[in-house]
1. Between Asp24 and Ala134, take the C-beta separation as r, use R0 = 41 Å, and let me know the FRET efficiency to the nearest 0.05.
2. Non-local amide H neighbours of Ala137 (under 5 Å, H modeled in plane, Pro and chain starts lacking H): which ones?
3. Each residue of the stretch 3-12 in turn: what ³J(HN,Hα) in whole Hz from Karplus with 6.51, -1.76, 1.60 and θ = phi - 60°, glycine and Pro shown as x?
4. For Ala42 and Lys110, calculate 0.36 nm times their separation in residues minus their Cα-Cα distance, and state this gained length in nm to one decimal.
5. So for each of 144-152, 26-34 I average, over its residues, the number of other beta carbons within 10 Å; can you give me the resulting order with the highest mean first?
6. Describe numerically, in nm with one decimal, the distance between label points set 7 Å from Cα along Cα→Cβ at Ala125 and at Lys5.
7. Per-residue HN-Hα couplings for the stretch 55-69, Karplus 6.51 cos²θ - 1.76 cosθ + 1.60 at θ = phi - 60°, whole Hz, x for Gly and Pro?
8. Using Cα positions and a limit of under 25 Å, work out the lysines in reach of Lys136, with same-chain residues fewer than 8 apart set aside.
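Any read-out appearing in this document is the output of simple, stated calculations on the displayed coordinates, not a laboratory observation. Every value quoted in this text rests on a predicted model; they were computed, and no experiment measured them. Heads up, the Cβs are rebuilt from the backbone with ideal geometry, glycines too, and the neighbour counts pull from every protein chain shown.
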Amino acid sequence: MTAFKGVNVTKYDAGGSGDNYIPDGYIKSVEKVWMDSFTFSAVLTTADTVAIATIPPNKKITSVEVYFPALTPTDCTINVGITGDADKFIKTAPVATSLTEVGALVAINKVESNNPDGFQFVTTAETDILFSLANKAITAPTAGTITTIVRYT
């Protein structure tokens, strides 16, 4: 059996302290979390966007999560991205196949980052993270709360 090492583990094992050899945000970094919620009281359409986080410049996005109530139509899909790239982090995630949490979050659906293009995306300026519907309006419920978590270093 061969024991392989990731790029940064190899650099570290070769004597790198992390400060000079490994890029900032990959080691010895503190993850920051932007948590937010949006309560809608009317039908959301594909023309609507919701700003769910404002991330400072030079920050690396590590994860995006969206929690939402049971939505219909169940073939509605969700995007999370930035201006000019609506699905940078979550790309057309179907509501019908979203993960369903158990325990304290019974009946709440959850979608996590599913687009590898957005993993470790680095902001170059202050950047809004945007939630939108990809293909259909939410016809029911006509009111509810969407909760989001954006993690970055």
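1. For R0 = 41 Å, the calculated efficiency reads 0.80.
2. For Ala137, the qualifying residues are Thr46.
3. 9, 9, 10, x, 4, 6, 5, 4, 4, 5
4. Details: separation 68, 0.36 × 68 = 24.48 nm, distance 2.11 nm.
Result: 22.4 nm gained on full extension.
5. Ranked from most to least packed, the peptides come out as 144-152, 26-34.
6. Using points 7 Å along Cα→Cβ, the separation is 4.1 nm.
7. 9, x, x, 6, 10, 9, 6, 10, 6, 9, 10, 10, 10, 8, x
8. Within the straight-line cut-off, Lys136 pairs with Lys88, Lys91, Lys110.
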